[in-house]
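Report on the following structure.
The values are calculated or read from the model by the stated rules, or taken from the named source; none is laboratory data. The model shown is predicted, which means the values in this text are computed figures rather than measured ones. FYI the Cβ positions are ideal-geometry reconstructions off the backbone, even for glycines, and counts take in every protein chain you see.
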Amino acid sequence: MSAAERRIETVRVELGARAYDILIGDGLIGAAGREIAARLPGARAAIVTDENVAARHAAALAASLEAAGIAATTITVAPGEKSKSFSMLEEVVDAVLAARLERGDAVIALGGGVVGDLAGFVAGIVRRGMRFVQMPTSLLAQVDSSVGGKTGINSPRGKNLVGVFNQPRLVLADTGTLDTLPSREFRAGYAEVAKYGLIDRPDFFAWLERNWREVFSGGPARAQAIAESCRAKAEIVARDEFETGDRALLNLGHTFGHALEAATNYDGNRLVHGEGVSIGVALAHRFSARLNLASPDDAARVEAHFRDVGLPWRMADIPGPLPDAETLLGFIQQDKKVTRGTLTFILTHGIGQSFIARDVPASEVLAFLKENHPG
Ligand code: NAD
């Protein structure tokens, strides 16, 4: 079947010599062998995946590669954030070397953001850089982590502190794999989709308000939302690959979100990353209203949308007790550079009008956290 028949969308990430395509559509695992062989002729491959994804999708990928003449070995890690560690990095590096793969061969990340970040880092450092293909299988990975080339692992001192920028040669987002994703994970990834509308695409946010049910149930609206999210991210990454400016806009909601993840000890039973982002995005809008930068109606609109889709949108939605406002501010200050008592935040003038605010007084943040603290 041709790409048109299969309704595969292509989004190009324009990065000069490092430009690449993101293909989005149902059934791309079956087409992976052909797509990879066409772009990386003669390459062998290591599929890096996690146990959950391996059980559902690794055999289909291996068969597709084999049919295209690509010899592949599969490396499976434990699911979850803990696999973004030095010890797992060492294990995966060793497995790739044991398979005698060369610089011209490919590391294929088949999984969510954890696998993508880990495998991308492995590809960036083994033999000083192998070829790298992203095959994201969670919504978060399809709309965010597989695009833009940030890869890495966590340090005991914090998340994502060790890694490299390493753009993939190709991203294959098989939307069919989302059918096996737990619904809580799908919903969490949706927070990042809504985020793109709220950064600078007000029409997309309005479209999501009307069409979110179809996005959740699958079909063309879901693929459309993923493609629009990838276009949004690709545009920002093309403008600012190494985050010296605009790319920071992608952190909308992440300052509050990361603080809440830290405050809940990264306990996925209480809060997963995308849920932290949804609360963080809602708080960023509420905070902007408090600073008289935006209308409180816009904050209410964002909160209503997250409530409708079943995402948490306020701190009170997190099960269990939270540390006090001072401690939360401490997490925010750890996450951010603090310059003479002021912080950098992504704030907004309204729906789809986010901007980088470099001089937010810590005292305002603290007062806001106190007002919104559930305890
Ligand atoms: P994840 O990789 O842990 O996946 C979530 C869960 O879903 C896991 O249990 C996984 O096994 C399971 N899963 C994934 N796909 C599945 C499928 N199709 N069927 C069944 N189960 C499936 O988490 P995530 O939310 O995908 O990604 C979070 C990670 O991404 C974090 O480590 C975060 O730091 C990173 N991230 C990176 C970037 C970047 O630019 N590199 C951007 C955002 C987030």
Could you please give the count of residues in region 73-85 that are out of contact with any helix residue (DSSP H, G or I) (no Cβ under 7 Å at 6 or more places or on another chain), within 15 Å of the ligand (Cβ to nearest atom) and not in a loop (DSSP other than H, G, I, E, B)?
1
Does region 103-114 hold any residues that are more than 10 Å from the ligand (Cβ to nearest atom), touching a helix residue (DSSP H, G or I) at 6+ places or on another chain (Cβ under 7 Å) and β-branched (V, I, T), and which are they?
V107
Lone unmet requirement of (1) at positive phi; (2) in contact (Cβ under 8 Å) with a residue 60 or more places away in the chain; (3) not aromatic (F, W, Y) for I351
(1)
It is to be established whether one or more residues within region 126-148 are surrounded by fewer than 24 Cβ atoms within 10 Å (Cβ to Cβ) and either β-branched (V, I, T) or out of contact with any helix residue (DSSP H, G or I) (no Cβ under 9 Å at 6 or more places or on another chain) (or both).
yes
Does E235 satisfy being at pLDDT 95 or above and not hydrophobic (A, V, I, L, M, F, W, C)?
yes
State which residue is nearest to I29 (Cα to Cα) when the search covers only region 115-140 and only residues that are out of contact with any strand residue (DSSP E or B) (no Cβ under 7 Å at 6 or more places or on another chain) and near the ligand (Cβ under 9 Å from one of its atoms).
S138
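Please count how many residues of region 257-274 are assigned to a helix (DSSP H, G or I) and near the ligand (Cβ under 10 Å from one of its atoms). I'd like the intermediate steps shown before the answer.
Step one: list which residues in region 257-274 are assigned to a helix (DSSP H, G or I), which gives 257-263, 273-274.
Within this subset, residues satisfying the condition of being near the ligand (Cβ under 10 Å from one of its atoms) are 258, 261, 273-274.
Looking only at that region, the number is 4.
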Can you tell me which residues in region 258-313 are at pLDDT 95 or above, at positive phi and in contact with a helix residue (DSSP H, G or I) (Cβ under 8 Å, 6 or more places away or on another chain)?
G310
Every listed condition ((1) surrounded by fewer than 19 Cβ atoms within 10 Å (Cβ to Cβ); (2) not in a helix (DSSP H, G or I)) holds for A300 save (2)
Which one of the conditions (1) surrounded by 13 or more Cβ atoms within 10 Å (Cβ to Cβ); (2) in contact with a helix residue (DSSP H, G or I) (Cβ under 6 Å, 6 or more places away or on another chain) does E91 fail to meet, given that it meets all the rest?
(2)
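Looking only at region 141-183, filter to residues that are in a helix (DSSP H, G or I) and among the aliphatic types (A, V, I, L, M); which one of those is farthest from the ligand (Cβ to nearest atom)?
V143
Condition check ((1) hydrophobic (A, V, I, L, M, F, W, C); (2) out of contact with any Asp or Glu (no Cβ under 6 Å at 6 or more places or on another chain)) across all residues:
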position	(1), (2)
L139	yes, yes
S183	no, yes
G189	no, yes
A194	yes, yes
F204	yes, no
Out of the residues in region 47-71 that are outside any helix (DSSP H, G or I) and surrounded by fewer than 20 Cβ atoms within 10 Å (Cβ to Cβ), which is farthest from the ligand (Cβ to nearest atom)?
G69
